[in-house]
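In what follows, a structure is listed as structure tokens, so that the remarks can point back to it.
Just so it is clear, none of the values below were taken in a lab; they were calculated from the coordinates. These numbers were taken from a predicted model, which means no experiment stands behind them. FYI the Cβ positions are ideal-geometry reconstructions off the backbone, even for glycines, and counts take in every protein chain you see.
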Amino acid sequence: MDFNQLKVEIKNIPLQETRADRDDYLEVVINSEKITDISGILNRYFGLPAWPSDKEIQKGVKETIDKFGGIIKGQILYAKYENNSQTFAMIWPWQSTRFFTLKIGFKT
């Protein structure tokens, strides 16, 4: 699966809102009832989450995700380096717990 296929799979899940949809970035709001579906898609593409983890986030990934708001306790980060490119996904649960924001990006 490549980044575009990942975006297509995510957009096949019912979305509450699409905030950004570019070639290298997708930001959507999804009902929390769909977290299992999204996690399954992300696990197939990335493998296990990079955060939360007892390991440090790789410097290049941290620099990239900081440009999109960073990652804090309670949020989930997926990251992948492949062929001199990096892909990330961040799940940001809302305080109300009704929705979460999903941000995915690709950088060469």
Percent of Cα-Cα pairs more than 18 Å apart in the chain, please.
44
What pairs from Lys34/Lys62; Lys11/Lys107; Lys62/Lys107; Lys7/Lys59; Lys11/Lys59; Lys7/Lys80 go past 18 Å between their alpha carbons?
Lys34/Lys62; Lys11/Lys107; Lys7/Lys59; Lys11/Lys59
Would you kindly derive the ³J(HN,Hα) couplings of the stretch 37-51 from the backbone phi angles with the Karplus curve 6.51 cos²θ - 1.76 cosθ + 1.60 (θ = phi - 60°), listing them in order in whole Hz, with x for Gly and Pro?
4, 5, 4, x, 4, 5, 5, 5, 7, 9, x, 5, x, 7, 8
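Charges at C-beta only: +1 for Lys and Arg, -1 for Asp and Glu. How large is the resulting dipole of the stretch 3-107 about its Cα centre, in Debye rounded to 20? Numbers along the way, then the final one.
Values: 15 positive and 13 negative charges, 21 e Å.
Roughly 100 debye, rounded to the nearest 20.
Go through 12-25, 62-75, 94-107 and give me the packing order, highest mean Cβ count within 10 Å leading. Numbers along the way, then the final one.
Values: 12-25: 11.9, 62-75: 13.6, 94-107: 16.1.
Per-residue Cβ counts within 10 Å, averaged per peptide and sorted highest first, yield 94-107, 62-75, 12-25.
For Tyr81 and Lys59 in the same chain, what is the full-extension length gain: residue separation times 0.36 nm, less their Cα-Cα distance, in nm? Walk me through the numbers before you get to the answer.
Values: separation 22, 0.36 × 22 = 7.92 nm, distance 1.19 nm.
6.7 nm is the gain from fully extending Tyr81 to Lys59.
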Mean Cα-pair separation over length for the chain, i.e. relative contact order, pairs under 8 Å, 6 or more apart, %:
28
With point charges of +1 on the Cβ of Lys and Arg and -1 on the Cβ of Asp and Glu, referenced to the Cα centre of the chain, which listed residue (Val28, Gln16, Thr64) lies farthest in the positive direction of the dipole?
Thr64
In deg cm²/dmol and to the nearest 500, what is the mean residue ellipticity at 222 nm of the chain if only DSSP H runs of at least 4 residues count, each as -39500 (n - 2.57), divided by the residue total?
-8000 deg cm²/dmol
Whole-Hz couplings from phi, Karplus 6.51/-1.76/1.60, listed for the stretch 68-84; x for Gly and Pro
10, x, x, 9, 9, 3, x, 9, 10, 10, 10, 8, 8, 9, 7, 6, 6
